[in-house]
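Below is one structure, written out as structure tokens; comments come after it.
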Amino acid sequence: MEIIRNPQELQNLSLLLRSEGKTIALVPTMGFFHEGHLQLMSEARKQADVLIVSLFVNPTQFGENEDLDNYPNDIERDSKLAEERGVDILFIPSKGSMYYPTHSTWVEVPELAKNLCGQSRPVHFRGVATIVTKLFMTALPHIAVFGEKDWQQLALIKRMVRDLNIPVNIQGHPIVREESGLALSSRNVYLTEEEKKVAPMLQQGLQEMKKAVAKGEADSAKLKKSLTDFYAANIPGSQVDYIEIVHPENISILEKIEGPALCAVAVQVGKARLIDNLQINV
Ligand code: PAF
């Protein structure tokens, strides 16, 4: 596995690989790998000649009081894990090489950024869309794989490549969970042992909602109220950021579940802001 830090060097190499007829897959990450990241790599590995993984904690997608400064990292461990999963190139750019001090170009998809995480993290998706575009322009991949835990991010990136005619095939990969049902996340390291015991209730509550929908309940307000009560009873001290039922593709709020739907939640459990989601199609 080769480690590349210079964006220009990666772009030149990708241009060369493409000219040789090689296909390239990219898995964009912010590092501190867990099995969720590793499964994205394994999936991408199957689909291209060359697998590039980017590791960059993108400052522009963090708000002022968010965890940018404390975001977990362990590049040595990540490099070892990436190599074991068959990664060919690990791209670890510096902040300065990705953003000029006078950086002033942004990519925005307001329609898909206005609900869910976009409400409480107003600059987040502008940062994500911009860095993902820059990574696409640098690594020049044919395909890119993203996790479905960040469902809104995935939907927004799909819309972005469609709208901007970016020739990258975007693929989603199902959420990887611990046996307890807790979705894997780099931020799970913030959880205490006690919090880790109750955090799986996040998904269990969503499963309860799905059962209620299967029994005929279609009113989003009632379903959201039941889930709020479930979290209050089962995750002591937690604070709900949002519980929302949306259309899975355009992330618009659904008052009633009549077709494809996704319930997405963000809940603060101690120091960790956890997100999860479940498709609850009728
Ligand atoms: O999902 C992530 O880890 C990040 O949002 C991404 C896509 C790597 C962009 O920084």
- Just from its helices, what would the mean residue ellipticity at 222 nm be for the chain, if runs of 4 or more DSSP H residues each count -39500 (n - 2.57) and the sum is divided by every residue, rounded to the nearest 500 deg cm²/dmol? -11500 deg cm²/dmol
- Query: How big, on average over all directions, is the shadow cast by the Cα convex hull of the range 87-142, in nm²?
  - Reply: 5.3
- Query: Given N residues in the range 204-251, what is Rg(Cα) / (2.2 N^0.38 Å)?
  - Reply: 1.18
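Sorted by mean Cβ packing within 10 Å, highest first, what order do the peptides 7-13, 36-42, 238-244 take? Intermediate values should be presented prior to the final figure.
Numbers: 7-13: 15.9, 36-42: 20.9, 238-244: 17.7.
Highest to lowest by the protection proxy: 36-42, 238-244, 7-13.
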- Item | Under 22 Å from the Cα of LYS158 - lysines, other chains or at least 8 residues apart | LYS46, LYS114, LYS134, LYS149
- Kirkwood-based Rg to Rh ratio, the range 1-113, C-alpha trace: 0.98
- Item | Net dipole in debye of the range 93-211 [+1 Lys, Arg Cβ; -1 Asp, Glu Cβ; about Cα centre; nearest 20] | 260
- Note on the structure: Taking the dipole of the range 37-146 about the Cα centre (Lys, Arg +1; Asp, Glu -1; charges at Cβ), the one of VAL107, LEU90, VAL145 that reaches farthest to the positive side is VAL107
- Query: Taking only Cα atoms, what is the 0 to 90° angle, nearest 10, from helix 151-163's long axis to the longest principal axis of the chain?
  - Reply: 50
- Query: In whole Hz, what ³J(HN,Hα) sequence does the range 90-99 give by Karplus (6.51, -1.76, 1.60; θ = phi - 60°), x for Gly and Pro?
  - Reply: 9, 9, 10, x, 8, 4, x, 7, 8, 10
- Message: Test of understanding: ordering GLU20, GLU66 by Cβ neighbours within 10 Å, fewest first, what list do you get?
- Response: GLU20, GLU66
- Distance from the Cα centre of the range 147-204 to that of the range 45-121, in angstrom? 14
- Message: Largest first, please: the extent of the C-alpha atoms of the chain along each principal axis, to the nearest Å.
- Response: 56, 40, 39
- Positive minus negative residues near ALA221 (Lys, Arg vs Asp, Glu; Cβ under 15 Å): -2
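Can you order the peptides 132-140, 256-264 by their average number of other Cβ atoms within 10 Å per residue, highest first?
Numbers: 132-140: 21.3, 256-264: 17.3.
Highest mean packing first, the order is 132-140, 256-264.
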- As computed over the range 44-100, the Cα convex hull volume per residue (Å³): 107
- If you line up the Cα atoms of the range 101-247 on their principal axes, what length do they span on each, largest first, in Å? 47, 36, 28
- Item | GluC sites (Glu not before Pro) lying in DSSP loop within the range 101-186, provided at most 15 other Cβ fall within 10 Å | GLU108, GLU178, GLU179
- Message: Placing +1 on the Cβ of each Lys and Arg and -1 on the Cβ of each Asp and Glu in the chain, which of ILE280, LEU55, PRO28 has its Cα farthest towards the positive end of the resulting dipole?
- Response: ILE280
- Query: Quick one: net charge of ASN12's neighbours, Cβ under 15 Å, K/R +1, D/E -1?
  - Reply: 0
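When the Cα atoms of the range 33-76 are enclosed in a convex hull and the volume is divided per residue, what value in Å³ results? Don't jump to the answer; show the numbers that get you there.
Working: hull volume 4.4 nm³, N = 44.
Cα convex hull per residue, to the nearest whole number: 101 Å³.
For the range 44-131, calculate the relative contact order in percent as a whole number, restricting contacts to Cα pairs under 8 Å that are 6 or more residues apart.
On the way: 83 pairs, mean separation 37.0, N = 88.
The value is 42 percent.
Bear in mind these aren't lab numbers, they're just calculated from the coordinates by the rules spelled out. Everything numeric in this text was worked out from a predicted model, so none of it was measured. Heads up, the Cβs are rebuilt from the backbone with ideal geometry, glycines too, and the neighbour counts pull from every protein chain shown.
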